[in-house]
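What follows is a short report on a single structure.
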Amino acid sequence: MKVLNLYYSMTGNTEKVAKKIEEAVKELGHEVDTIKVTKKDMEWDILQYEFVFVGSGVYMWLPGKPLQELYMTLLAKYHNTEDIKEGSQQ
Ligand SMILES: Cc1cc2nc3c(=O)[nH]c(=O)nc-3n(C[C@H](O)[C@H](O)[C@H](O)COP(=O)(O)O)c2cc1C
């Protein structure tokens, strides 16, 4: 299985968790791309992955800003291309 392991970490805790997830996924024999989100768009297609982990610390009750912005970018992108149907679970 092709797995995407996205995370945002300001002080390193979520990064440690993301590394553990990467180890576990590899041990199970799957391919995994672990990526720290630092900007609001991605060069690659999230739909090429069969399973996606998303992790973030909580900052003022919310996930990290780069991750929030990435969500909004992906929402607009896949909504416009209709690759993800309206009302699909996110
Ligand atoms: C600026 C800042 C704001 C935070 N706000 C919250 C919060 O609103 N609620 C909460 O439960 N924890 C909050 N925390 C705690 C972090 O979510 C927690 O330390 C987390 O492990 C940080 O993850 P990271 O090390 O991957 O950045 C905050 C931490 C920081 C540094």
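The values are calculated or read from the model by the stated rules, or taken from the named source; none is laboratory data. Keep in mind that this is a model prediction, so the values were computed, not measured. So basically every Cβ, Gly included, is an ideal-geometry build from the backbone, and we count neighbours across all protein chains shown. To get the accessible areas, we keep the full protein, side chains included, count just its heavy atoms, and leave off ligands, DNA and RNA. Shrake-Rupley method; radii C 1.70, N 1.55, O 1.52, S 1.80 Å.
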Å² of accessible area per residue within the stretch 1-82, as computed with a 1.4 Å probe and no ligands counted: 68 Å²
Percentage relative contact order, the chain, counting C-alpha pairs under 8 Å, at least six apart: 35 percent
Karplus-derived HN-Hα couplings along the stretch 71-76 (A = 6.51, B = -1.76, C = 1.60, θ = phi - 60°), whole Hz, x at Gly and Pro: 3, 5, 5, 5, 4, 5
For Phe53, distant residues with modelled amide H under 5 Å away: Leu4, Asn5, Leu6
MRE, 222 nm, helices only [DSSP H, n ≥ 4, -39500 (n - 2.57), over the chain, to nearest 500]: -12000 deg cm²/dmol
Local electrostatic count at Lys2 - Lys and Arg +1, Asp and Glu -1, tallied over other residues with Cβ under 13 Å: -3
Carbon and sulfur %, accessible surface of the stretch 2-81 computed with the full protein complex present, 1.4 Å: 59 percent
Interchain or long-range residues, amide H under 5 Å from Met10's placed H: Gly57
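Which of the peptides 33-41, 6-14 is most tightly packed, and how do the rest follow, going by the mean number of other Cβ atoms within 10 Å of each residue?
Going from most to least packed, we get 6-14, 33-41.
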Estimated FRET transfer efficiency when R0 is 22 angstrom, pair Lys19-Val54 (beta carbons, to 0.05): 0.90
Semi-axis lengths (Å, descending) of the ellipsoid that matches the C-alpha gyration tensor of the chain: 22, 19, 10
Lysine pairs meeting the criterion (Cα under 17 Å, 8 or more apart or interchain), as found in the chain: 13
Extreme residue, positive dipole direction of the chain, given options Tyr49, Met72, Trp61 (C-beta unit charges): Trp61
Cα centre as origin, Lys/Arg/Asp/Glu Cβ charges: the chain dipole, Debye: 380 debye
Virtual spin-label span in nm between Leu62 and Glu86, 7 Å along Cα→Cβ: 2.6 nm
